[in-house]
Amino acid sequence: MKQRTLALCRAAPYGSALAREGLEAVLASAAMEQEIDLLFLGDGVFQLLDHQSPMAIGQKSLRRNLMALPMFGIEQLYVARGSLAQRGLTPEEIQIPGAEITLVDQPGNLIAAYQCVLSF
Amino acid sequence: MKFSLAVYAAPHSSQSAASALRFARALLAEGHEIYRIFFYCDGVQNANSIAAPPQDETDLTGQWQALQREHSLDLVVCIAAAQRRGVLNQREAERLEKPSANLAEGFELAGLGQLTDAVANSERLVTFGGTQ
């Protein structure tokens, strides 16, 4: 049975391992040809900022995992507009080459449209 | 109904893993089927057989094992997350040249594909732990 899955990315990129391990699970899912979309909300929107320097705190950049998303067929990224605004970020700051970013006003409605939701 | 559980939390740090265990018991008591329980992120610590909590605290690993024996549950631990956190079976311990293995009996190491498979083959996936 084929079904669409939505993965929620709610964690900031480096404070915990959840952002990285969430993206790893998403990529593994895509590699198994599951159809999966991503919704970044809450502190998860920080994952999408470019020009991060996590080496300064001994962390690997999450950017490579994000850049891999389109290569794995994940081209649709949803971002909660309210989460961006609350954190003083603009849509221009969160580009991922090869991916289309759609701002969402009602994340709840989007989540409700999916049969399965993975939460990270 | 056919359920799978994803457990992201370690025992003894938060209530999440204990809630997952209680939820699993409740599902089985109500006659539901558990397709798989997938331990990911810090949740891999549920399968750490050398954790030694004080006697008056819950031994979650032992309780998972008991539930697994009783219901032949499929308890799968993400191998990549487990390697990072030092939960290894004998084969991995030897391959990675580590001094000991500690994966509790009743749990299996496997790849993230098992989470994807659980999503595809369950009617409900319930996640415990993660972002507060």
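Where a number appears in this text, it was derived from the coordinates with a stated rule and is not lab data. Worth saying up front: this structure is predicted, and the values here are computed from it rather than measured. Here the Cβ is made from the backbone with ideal geometry for all residues, glycine too, and neighbour counts use every protein chain on show.
Data overview
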item	result
Pairwise label distance in nanometres, A:GLU100 with B:HIS12, each label 7 Å out on the Cα-Cβ vector	5.0 nm
Calculated diffusion of chain A, Stokes-Einstein form, Kirkwood radius summed over Cα pairs, 25 °C and 0.890 mPa s, µm²/s	171 µm²/s
Two-decimal Rg/Rh across the protein assembly as shown, once Rg and the Kirkwood Rh are taken from alpha-carbon atoms	0.98
C-alpha long axis of helix B:16-29 to longest principal axis of chain B, angle in °	50 degrees
Centroid-to-centroid separation of the stretch A:1-67 and the stretch B:11-85 [C-alpha atoms, Å]	25 Å
Computed FRET value (nearest 0.05) for B:ARG84 with A:LEU89, which takes r as the C-beta separation and R₀ as 51 Å	0.95
Student exercise, the stretch B:32-132 dipole from Lys, Arg, Asp, Glu Cβ charges, in Debye to nearest 20	320 debye
Förster radius 25 Å - calculated FRET efficiency between B:ALA93 and B:ALA52, Cβ distance, rounded to 0.05	0.85
Angle between chain B longest axis and helix B:60-71 axis [Cα atoms, degrees, rounded to 10]	50 degrees
Gain upon complete extension [A:ARG64, A:GLN3; 0.36 nm per residue less C-alpha separation]	19.3 nm
Which of B:GLU70, A:GLU21 has the fewest Cβ neighbours within 10 Å, and the rest in rising order	B:GLU70, A:GLU21
Options A:SER61, A:PRO91, A:GLN115, ranked by Cα towards positive dipole end of the stretch A:4-119, top entry (Cβ charges)	A:SER61
5 angstrom amide H check on B:ASP74, placed H, neighbours 5+ away	B:ILE37
Helical mean residue ellipticity (222 nm; -39500 (n - 2.57) per DSSP H run of 4+; nearest 500) of chain A	-8000 deg cm²/dmol
Gaussian network model of chain B, springs between alpha carbon atoms under 10 Å - residue of B:ASP56, B:ASP42, B:ASP117 with greatest fluctuation	B:ASP56
Shielding of A:109-120 by partner chains, average beta-carbon count, 10 Å	3
Pairs of alpha carbons in chain B whose separation is greater than 26 Å (percent)	17 percent
Cα-projected label distance for A:GLU35 with B:GLU33, points at 7 Å along beta-carbon direction, nm	2.5 nm
Trypsin sites (Lys or Arg not before Pro) within the stretch A:1-37: DSSP coil, no more than 16 neighbouring Cβ in 10 Å	A:LYS2
